[in-house]
Number of protein chains: 2
Amino acid sequence: MKRINLILSCCTVLGCLFLGGSAQAQQAKQPNIVVFFVDDLGWQDISEPFYKEVTPINRKFHTPHLEALAKEATKFTNAYATPVCTPSRVSMLTGLNAAHHKVTNWTHPTANKPTDNPDDMLTPPDWNINGMSPDPNVPHTVYATPFPQILKDNGYYTIHIGKAHWGSAGTPGASPLNLGFMVNIAGHSAGHPQSYYGEENYGNMPGKASHQAVPDLMEYHGRDTFLTEALTLEAIKTLKEPIKRKEPFFLNFSNYAVHVPIMPDPRFVQKYLDKGLDPVEAGYASLVEGFDKSIGDIVQFLKDNGQYENTVIIFLSDNGGLSRNPQRSGPDHTQNLPLRAGKGSVYEGGIRVPLLIKNANNHMARSTESPVIVEDLFPTILELAGIQDYPLVQKTIDGQSLVSLIDGKQDNSWNSRNLVWNIPNKWIVQDGPGINFFSAIRQGDYKLVYDMKNQKLELYNLRDDIGETKDIAKQHKKKVKELSNLLTERFKAWDAQLPTYKATGKKVPYPNELN
Amino acid sequence: MKRINLILSCCTVLGCLFLGGSAQAQQAKQPNIVVFFVDDLGWQDISEPFYKEVTPINRKFHTPHLEALAKEATKFTNAYATPVCTPSRVSMLTGLNAAHHKVTNWTHPTANKPTDNPDDMLTPPDWNINGMSPDPNVPHTVYATPFPQILKDNGYYTIHIGKAHWGSAGTPGASPLNLGFMVNIAGHSAGHPQSYYGEENYGNMPGKASHQAVPDLMEYHGRDTFLTEALTLEAIKTLKEPIKRKEPFFLNFSNYAVHVPIMPDPRFVQKYLDKGLDPVEAGYASLVEGFDKSIGDIVQFLKDNGQYENTVIIFLSDNGGLSRNPQRSGPDHTQNLPLRAGKGSVYEGGIRVPLLIKNANNHMARSTESPVIVEDLFPTILELAGIQDYPLVQKTIDGQSLVSLIDGKQDNSWNSRNLVWNIPNKWIVQDGPGINFFSAIRQGDYKLVYDMKNQKLELYNLRDDIGETKDIAKQHKKKVKELSNLLTERFKAWDAQLPTYKATGKKVPYPNELN
């Protein structure tokens, strides 16, 4: 009787909103959230088009489950990430632009090791080489509250599956369990798998394992389960628990595919060989179809368990498609045409990514051209989860909620926002196009590119020239000045880092200091 | 209003027992449960005595936190495990005696590899070399419902930390996540750590990692965090979540210590060197004090968070202490005196383990001589959790609940139960004492040992002769007959396995077929 009385008085006082604990009470309001975060997938490397037309690249690939998802989602045709993976991942989890969080290059699997290549002219700044940290005072990290922590604190059952790569081993950010996830399967400090093959224990062969050996999947060792499939099976198993508990869940499903090493997924590769693709491209296409099946399997599981309607599904890539031979076939930097260049570049091929967001209980295909960027997912997800007040150690977040766009409310303010990229780093040995020591800003249709080594500003009109083939800086000096001022202003506000000249030790000029 | 009505009618029908979900409702009744399952710790290898007096071995070690725990716990002075680790671990999780579940030796890190050594005379049976499985039809496994799954299904937040070793890689039992645990940190298919040192990444060194490299602790790689400490920190971090959620938790904290390789814990080793212990024994004692600190830290955390009173704490070892040189110092099989032999043996040194159980809200030091065994923890834990009806795929369980003993109710029925061991295996190259191809049964004070190779039955009275020095089989033929019949009956009931003679292919006789 005492218990019943307690509950009744609780009903009276709180209107039953918090009856039975926060997780229980919020469940009715809070949607599940699933993010499919694919690695190194180019903007067109799926059969669902994000350009104004279906492109020859789209036609190489077969992703029926993404096509189906697109029919019930908002398609963002001008969505961006950063040129390489860790900066994008940290931006998503912190809500901060990479120029702001200063994890501007990929993080080494072990602590305190910059990943920049040597350069004759410039020295990269003291960037956050260890990634992000949920604890203060960890050297070379950005200290920030990851949004999964906020979800967890608000009753979500938070799950990470797959590639993590948020921080180096030897620091807290190496473990997703320190970043707000209750469950982590296969996520650690490395950025790609040693092997996609269960027969090779995903790399965990005694005496042969590298930092990239995939953890946690012992069940599949020695078996013919492709890594993408193993992660999918684990995701489905894990999801059963919050469903049984009637708790809202957040699943960050970050497939290792389609990052190199491009190892053919035997379930799908023959079809692409039969279509005439060479072995490298057929292998790549098989990785793509593998993660598409993965998405399809998760969606089917959600439907079978009555969860699909109440689940937000977000699909995106963490950077543009790799555009270098021999990892990909064909001449360098042609793999994403008409987009220029690929992974590592501030040109569109390196940063433009597919983004779909299916809202809960809101199934209508929409499309928006508004420019959006990966850090926007932080406030978007929290708004969709109905969480309004939350403590943050980062003073502000740079991302903007996309909920109004998902709801179909178009307004012109999106065209006046500016999106910023800053790469004061030497990602690979070979410079360019747009790779190593570049920054950029987009506002509306215009994009300014700052080539730090050559001290050059380029301007492109993306609406007319998505391929960034015509530098119109000379014809639009006012726009160059305006955007270089805006970019400089952002840099100063964020204390963004610039490389220094080896010869003088001086920083390269801010973009508005040119000419 | 609809919500309130629903809840009110729910209250009426179910008496509010299931209001707000099982986890919420049962939380008020259900205690937390923490098991400290230490690896390879001998019966006397702590400063808290389990013999009738403090022994010289007890005096070697310093475990103040276990001494404190003993003041509030029931001490089982006649508690048993099996001679090696996997059988004990499977018995605990399944409630089955090892002769019944047929995981009679340790499981290889990878599937389908028997771990028996070659023998000239006998061939081990087709035992369950892949360990336990939560799924049916996995070759060479025992298919059983692990009790953590039952706890999880009843609203517990279930956590495994440390050594798992329930099944081989390539089978579901390799992952604690398949055995009812929501969270797994550092548990996999291997039975010992490659390294205890963070500086050595616990073994995860590129090109050097073996199957024993400890997973999941990247945060501590390259740092001076000893493995025992890293696991403790992880346990404390993980426990915060169920406490915040107000969910009852089950923590299976299975330290890798004190299994070989005996690597000194730098925090404690100097003290033992100063006491005059040689480096091996000082290293061993430092591992012991390390896990004792680990227990102390967890207990302190529970107290600081108001959880201690409502937490059942169980402490035990998975087999007797290793008694072989050079892994331990001194002549072979002297390390557990007065107990005979050590790990691997059916003599007391191999199977007798310390066991403490502190009940929730019941803090009184008690002691019981009733013979108990590791599979008793299965029904004990479920009874303490207040879970009465649960589906099981194993038809029966062999363990008996210890709750009446914890509650101080002594009765003689415990003396009439029989405890059984069956080792139709060749654990190490060198046979004996009590190692390789032995079985045994204890009832009351008497223990019958069956030496399969020598076709010999030995009888000991443990009350008079805990060291099993005087074989009294010839003097007590009736007792030998009685116990050999009982052991045979158990073997037949469980379809227990016996080795076969290489020469004839015939099974060794049942114990009651001798003479």
**Request:** Given the conditions (1) touching a residue at least 24 places away in the same chain (Cβ under 8 Å); (2) at negative phi, report the number of the one that B:Gly386 does not fulfil.
**Result:** (2)
**Request:** Taking A:Glu200 as meeting all but one of (1) out of contact with any strand residue (DSSP E or B) (no Cβ under 6 Å at 6 or more places or on another chain); (2) touching a residue at least 24 places away in the same chain (Cβ under 8 Å); (3) more than 9 Å from every other protein chain (Cβ to nearest Cβ), write down the number of the exception.
**Result:** (2)
**Request:** Go through (1) without any contact (Cβ under 8 Å) to a residue 24 or more places away in the chain; (2) within 14 Å of another protein chain (Cβ to nearest Cβ) one by one and return the number of the condition B:Pro114 breaks.
**Result:** (2)
**Request:** Quick one: A:Gly207 ticks every box in (1) buried (at least 24 other Cβ atoms within 10 Å of the Cβ); (2) modelled with pLDDT under 95 except a single one, so which number is it?
**Result:** (1)
**Item:** Condition broken by B:Ala169, with the remaining ones in (1) facing chain A (nearest Cβ under 8 Å); (2) surrounded by fewer than 24 Cβ atoms within 10 Å (Cβ to Cβ); (3) touching a residue at least 60 places away in the same chain (Cβ under 8 Å) satisfied
**Value:** (2)
**Matching strands (runs of 3 or more DSSP E) fully within region B:281-388 where at least 2 residues are basic (Lys, Arg)** = B:352-358
**Message:** Being among the acidic types (Asp, Glu) and in contact with a Leu (Cβ under 7 Å, 6 or more places away or on another chain) is the filter here; which residues of region B:247-301 pass it?
**Reply:** B:Asp265, B:Asp292
**Request:** Among what's in region B:472-515 and is buried (at least 19 other Cβ atoms within 10 Å of the Cβ) and in contact with a His (Cβ under 9 Å, 6 or more places away or on another chain), pick the residue that is nearest to B:Leu457 (Cα to Cα).
**Result:** B:Arg490
**Request:** State all residues of region A:224-274 that are over 22 Å from A:Lys152 (Cα atoms), within 14 Å of chain B (Cβ to nearest Cβ) and β-branched (Val, Ile, Thr); if no residue qualifies, say none.
**Result:** A:Thr225
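Matching residues to (1) at the interface with chain B (Cβ under 7 Å from one of its Cβ atoms); (2) not hydroxyl-bearing (Ser, Thr, Tyr):
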position	(1), (2)
A:Asn154	no, yes
A:Ile161	no, yes
A:Val183	yes, yes
A:Ser189	yes, no
A:Ser210	yes, no
**Asked** Does B:Ile423 satisfy being among the aliphatic types (A, V, I, L, M) and buried (at least 22 other Cβ atoms within 10 Å of the Cβ)?
**Response** yes
**Request:** Give the residues of region B:250-305 that are of a type in the set (Val, Ile, Thr) and closer than 25 Å to B:His188 by Cα, sorted by residue number.
**Result:** B:Val258, B:Val260, B:Ile262, B:Val288, B:Ile295, B:Ile298
**Fill in**
With criteria (1) under 14 Å from B:Glu375 (Cα atoms); (2) of a type in the set (A, V, I, L, M); (3) surrounded by fewer than 24 Cβ atoms within 10 Å (Cβ to Cβ), B:Met121 comes up short on (1)
**Filter result (under 20 Å from B:Lys237 (Cα atoms) and either touching a Pro at 6+ places or on another chain (Cβ under 6 Å) or not in a loop (DSSP other than H, G, I, E, B) (or both)) within region B:203-216** = B:Val214, B:Pro215
**Asked** Applying the selection to region B:263-301, what residues are of a type in the set (Val, Ile, Thr) and more than 18 Å from B:Val35 (Cα to Cα)?
**Response** B:Val269, B:Val280
**Prompt:** Could you say whether any residue in region A:217-225 is free of Cβ contacts under 8 Å to residues at least 12 places away in the same chain, closer than 30 Å to A:Thr500 by Cα and outside any strand (DSSP E or B)?
**Reply:** no
**Item:** Those residues of region B:295-325 which are among the hydroxyl-bearing types (Ser, Thr, Tyr) and within 19 Å of B:Thr74 (Cα to Cα), in sequence order
**Value:** B:Tyr308, B:Thr311, B:Ser317
**Request:** Output yes when any residue across region A:292-301 is more than 10 Å from chain B (Cβ to nearest Cβ), free of Cβ contacts under 8 Å to residues at least 12 places away in the same chain and within 30 Å of B:Gly162 (Cβ to Cβ), and no when none is.
**Result:** no
**Prompt:** Of all the helices (runs of 4 or more DSSP H) wholly in region A:397-515, which have at least 1 residues that are under 24 Å from the mean Cα position of the chain (by Cα), over 28 Å from A:His333 (Cβ atoms) and at pLDDT 95 or above?
**Reply:** A:403-406, A:477-494
**Item:** Among (1) more than 9 Å from chain A (Cβ to nearest Cβ); (2) farther than 24 Å from A:Gly222 by Cα, the one test that B:His221 misses
**Value:** (1)
**Request:** Show the residue pairs that are 6+ apart or on different chains and have beta-carbon atoms under 7 Å apart, the first residue being within region B:439-457 and within 18 Å of B:Asn97 (Cα to Cα), the second being part of a strand (DSSP E or B) and among the polar types (S, T, N, Q).
**Result:** B:Ser439/B:Asn422; B:Ile441/B:Asn418; B:Arg442/B:Asn418; B:Gln443/B:Asn418; B:Tyr450/B:Ser439
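The values are calculated or read from the model by the stated rules, or taken from the named source; none is laboratory data. What you see is a predicted model; the values in this text were computed from it and never measured. A quick note on method: Cβ atoms are made from the backbone with ideal geometry, for glycine too, and the neighbour counts reach across all protein chains shown.
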